[in-house]
């Protein structure tokens, strides 16, 4: 390293240099450098899985880097846990807030560091309320410190989180997607809060998928892609289009065994479908067609799958299956219509981890296999073995518990359901998330074989190259609405990313 | 090897207890009469424990079985003497028995409905029904027992030399095992206990299955109540106080997990017999019923701790 570095870096309140981090064989971060000047807002952007969260977890002391260093106030720091990071003035506000809903604002702000009262072992509620009010006023916030947190909107919770961090003498605040669950009004409140905090001298690292917000509030922006910092510079020099180009990159090439399949008749028509999380969704799906669903985290992609598959209640709209309108009120209805949902959250909503692996595969199909009441264990075993063969599934046998399988093979167990049920419509939610490349290719090939047989596939994915590799059309979602229905061969990743990340109305 | 050991462990502790008692008290313990006696005594709680096995595998618990036992007996006996006085005919006794079984099924289904429709935790819902059923049983005849002198068949009768209650115990055991392992319902019970979200996603009608589970538990409690009533030829409103704990203990000793998804019929049988043989052995050795509680408490903790330990070892090895 350069000897003159310490002098140069004095202008930065925090500096991360050459950070590398791997999880197993996956490189999450490679040689990332992030320098943040005192009292500024620094935007950190990148597609899902680009490494933003990992980088910030290292800064917050949750992970330790494999190599590289963090420099704070001219000293190299190595934090073993989050409390050491907080002691050095670095606090993180997570996407999922960590406030106690049953406590008041003041109680949350001073949780664990309550001002002590006159009697030993008690705390002074009065002082706590006064201190909270003083702290809030100093930063220009107007809130009732005696209000219970559960009654507050998401934006005010962010303010409470920020006060909580400042009460612990935080000088650097990392905010991870503070607006992900907010509407327009609340976004404005949060952006105002960020400006006020900056005005009071706090440095903020601001992570968001919503690019227009970042451009609006940040002085500098760093773009991460595939674990590397591909661009850092002042926000005023950057247009949103440039950021999108940096986020997508052009060097990504994958192997996608796309087959030429003739598109057949329409099997599914969705129109005006709405639930509590998605609004006015309409699209068609034809035999032999692979339709991708793109969008950022929280755009409502999974919620679209949920309402289609009977997991969420449809408020209005209609679903037509092969020309006939159907009512899908629960997952059992979806199954009997030939719609198979393969969940994005295998462990929580897919697998029976302690139970024999074949249970996870056959459970939704038992009735269809003629086992509506009485099980035929030999036949079930046979079918499972046969399906495992088709999927090139690696397991210790049908009776081995599901948690003894690798992630890719667990995913294949769930895909096996659609094979056994011979489902007409496969709704796949992030089917290749967190699995190795070999299993990914197996899954792409399986999807290809299925569309050849006239099945229709609706595939949600956060990996644009994947969607561009195999999908015929791409639906783009943003904030619960369908904002694009594009033919893959006639569009670009930049166009999709732009639709997904940029609010057309705000521009 | 380790797996074999684990599978045999509940049997191992049962065999160990029988072996020790056989060596200690060969004349009084190791006789056919004594064994049949133990089986007969264990049949009531054993049958209820089989129902509880379903409940616990589904990830729930039913605290109301002891109270329901008393309520079923009181209702059945009440119907019998209400129609025909102290010496009811066999037809009336069959009707009364049917009422007792029905009451059990309805009582169980009510708990199940509270859990699924009102989204109450099983512990809370059945804590409520436990008090409710006990209260009804006590209020019915002002806390007085009902004597039905001629209701003897289930308690004292025998088929081919085997006590009827033991025959019923065996039949219910076989049927429970068959339902649990060879029906879709049984598979759903395991699936719900293992991961209720995943079961719902896979199209399992969770509410309906759970009501079925509690209904079955209640029905078997009703059957146990009829045997218990027949044994004493009377229905006691205070019958089965604390029974739920013995029953849950039997299921848990048998290797079931209170967090659901795990448990077997053989395990429950072994657990029930273990408690019964311990009681029997203690009695033969002249240990008072009060002191027996100490022995049983120690055995429960020890058996479950050992089970957890071997399980952890097995999963470490895997």
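Just so it is clear, none of the values below were taken in a lab; they were calculated from the coordinates. On a predicted model such as this, the values are computed, not experimentally measured, just so you know. When we count neighbours, we look across all protein chains shown, and the Cβ atoms used for this are built from the backbone with ideal geometry, even at glycine.
Which value, in Å to one decimal place, does the Kirkwood hydrodynamic radius take for the range A:305-413 when every pair of different Cα atoms is included? Before the final figure, lay out the partial values.
Details: mean 1/r = 0.0654 Å⁻¹.
About 15.3 Å, per the Kirkwood formula over Cα pairs.
Quick check: Cα centre of the range A:439-506 to Cα centre of the range B:64-89, how many Å? If you average the Cα positions of each part, the centres end up 67 Å apart. Among beta bridges identified by DSSP and lying wholly in chain A, the antiparallel ones come to about 55 percent. Using a cutoff of 8 angstrom between alpha carbon atoms and counting only pairs six or more residues apart, the relative contact order for the range A:347-409 works out to 48 percent. Estimated from the Cβ-Cβ distance and a Förster radius of 56 angstrom, the FRET efficiency linking residue A:200 and residue A:377 is about 0.25.
To the nearest 500 deg cm²/dmol, what mean residue ellipticity at 222 nm is calculated for chain A from DSSP H runs of n ≥ 4 alone, each contributing -39,500 (n - 2.57), summed and divided by the residues?
My calculation for chain A gives -9500 deg cm²/dmol from helical runs alone.
A Förster radius of 35 Å combined with the Cβ-Cβ distance from residue B:119 to residue A:130 puts the calculated FRET efficiency at roughly 0.25.
Using 0.36 nm per residue, how much length does the chain from residue A:348 to residue A:452 gain when fully extended, once their Cα-Cα distance is taken away?
Working: separation 104, 0.36 × 104 = 37.44 nm, distance 3.15 nm.
Answer, rounded to one decimal: 34.3 nm.
Dividing the summed -39500 (n - 2.57) terms of all DSSP H runs of n ≥ 4 by the residue count of chain B sets its mean residue ellipticity at 222 nm at -26000 deg cm²/dmol. Extension gain for residue A:441-residue A:67 works out to 131.5 nm (0.36 nm per residue, less the C-alpha to C-alpha distance). A simple spin-label model places the labels of residue B:22 and residue A:336 5.5 nm from each other, with each point 7 Å out along Cα-to-Cβ.
For the segment B:187-197, counting C-beta atoms of other chains within 10 Å of every residue's C-beta and taking the mean gives 5. The GNM of chain B, with springs linking C-alpha atoms under 10 angstrom apart, assigns the highest mean-square fluctuation among B:99, B:294, B:124 to B:294.
Among DSSP beta bridges lying fully in the range A:40-189, give the percent that are antiparallel, nearest 5.
Working: 5 of 9 bridges.
In the range A:40-189, DSSP labels about 55 percent of beta bridges as antiparallel.
Placing a label point 7 Å from the Cα of residue A:265 along the Cα-to-Cβ direction, the residues of the range A:305-339 whose backbone N falls under 13 Å of that point are A:321-324.
Measuring r between the beta carbons of residue B:86 and residue B:208 and using R0 = 60 Å, the FRET efficiency lands at 0.90. Using a Gaussian network model on chain B with a 10 Å cutoff between Cα atoms, which of B:28, B:111, B:257 fluctuates the most? Per the Cα network of chain B with a 10 Å cutoff, B:28 tops the list. If you fit an axis through the alpha-carbon atoms of helix A:154-167 and take the longest principal axis of the Cα set of chain A, what angle between them do you get, 0 to 90°, nearest 10? In chain A, helix A:154-167 runs at an angle near 40 degrees to the longest axis.
Above 42 angstrom, tally the Cα pairs of the protein assembly as shown and express them as a % of all pairs, no decimals. Can you show the working numbers first?
Working: 165368 of 339900 pairs.
Everything past 42 Å amounts to 49 percent.
The distance separating the Cα centre of the range B:20-58 from that of the range A:139-165 comes to 61 Å.
Counting only DSSP beta bridges whose two residues both lie in the range A:351-485, roughly 50 percent are antiparallel. Of the residues B:302, B:11, B:54, the one that moves most in a GNM of chain B with alpha-carbon contacts below 10 Å is B:302.
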